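*Asks:* Sending over a structure as structure tokens; questions will come in a sec.
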Amino acid sequence: AGGAQTNTQSQELSQIVNATQVAQMPSLTRNAYDFVALAGNVSAGDSTNSGDSRNQSGGNSQNATTRGVGFNVNGQRSSGTEILLDGLENISVFTDSVGVYIPQDATQEFRVQTSNYEPQYGRASGGIVNVATKSGTNSFHGVLWEFNRLSNYTSNTVLNAKQGLPKAAYTRNQFGLAVGGPILKD
């Protein structure tokens, strides 16, 4: 019922971000992998690839790298993080980044394992990010959304206010939809 829970079955340290958190937390990029930063012992990505103008995470400029999930886990390089999708490896071998990006609306939950995970995750030197997708239903369902950010609703920065500068004009509209339903009944 919310709050931290103690794992009494194994020594593994991990954090689960559930469906409610994924749906309700703000994300400029609508990329579920941005929420890896919520787990303990996670820091911004390493700067070894910061000059790379490619952006594999759908416009996410807050991370310094396009390797792995863009975050360092347990002080290891971001490429040392094992990325799983429904328990299967989800890594692009050539770019050492996330293989298939799952829309935030299709993400059921994910677990970030940071310490003492089982040996079946042998490749991971830093941690494991395992994303679980939403399973199907026997009914059709969907969601239509818009995320809107306007500079009219924000305040000026402290530095701009000190220098007597007006706040910058900013408008961002993101639209999207997700539709799902049964392929085969039951």
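*Asks:* With the condition kept exactly as written, say whether any residue in segment 26-34 is modelled with pLDDT of 60 or more and exposed (fewer than 12 other Cβ atoms within 10 Å of the Cβ).
*Replies:* Looking for residues that are modelled with pLDDT of 60 or more and exposed (fewer than 12 other Cβ atoms within 10 Å of the Cβ), one finds at least one in segment 26-34, hence yes.
*Asks:* Go through segment 122-141 and give me each residue that's assigned to a loop (DSSP other than H, G, I, E, B), touching a Gly at 6+ places or on another chain (Cβ under 8 Å), open to solvent by less than 70 Å² (accessible area, probe 1.4 Å) and within 23 Å of residue 98 (Cα to Cα).
*Replies:* Those that are assigned to a loop (DSSP other than H, G, I, E, B), touching a Gly at 6+ places or on another chain (Cβ under 8 Å), open to solvent by less than 70 Å² (accessible area, probe 1.4 Å) and within 23 Å of residue 98 (Cα to Cα): 124, 125, 126.
*Asks:* Among the residues of segment 72-97, write down those that are more than 19 Å from residue 117 (Cα to Cα), surrounded by fewer than 12 Cβ atoms within 10 Å (Cβ to Cβ) and not aromatic (Phe, Trp, Tyr).
*Replies:* Matches in segment 72-97: 93 only.
*Asks:* All but one of (1) closer than 22 Å to residue 79 by Cβ; (2) open to solvent by less than 50 Å² (accessible area, probe 1.4 Å); (3) modelled with pLDDT under 80 hold for residue 42; which doesn't?
*Replies:* It is condition (3) that residue 42 fails.
*Asks:* State whether the residues of segment 99-114 include one that is outside any strand (DSSP E or B), among the polar types (S, T, N, Q) and closer than 19 Å to residue 38 by Cβ.
*Replies:* Yes, because at least one residue in segment 99-114 is outside any strand (DSSP E or B), among the polar types (S, T, N, Q) and closer than 19 Å to residue 38 by Cβ.
*Asks:* Just one of 144, 165, 159, 184 is part of a loop (DSSP other than H, G, I, E, B) and surrounded by fewer than 10 Cβ atoms within 10 Å (Cβ to Cβ); which is it?
*Replies:* Only one candidate qualifies: 184.
The values are calculated or read from the model by the stated rules, or taken from the named source; none is laboratory data. Not measured: the values here are computed from a predicted model. As a convention, Cβ positions derive from the backbone with ideal geometry for all residues, glycine included, and neighbour counts pool all protein chains shown. Side chains included, ligands, DNA and RNA excluded: accessible areas come from the protein's heavy atoms. Shrake-Rupley method; radii C 1.70, N 1.55, O 1.52, S 1.80 Å.
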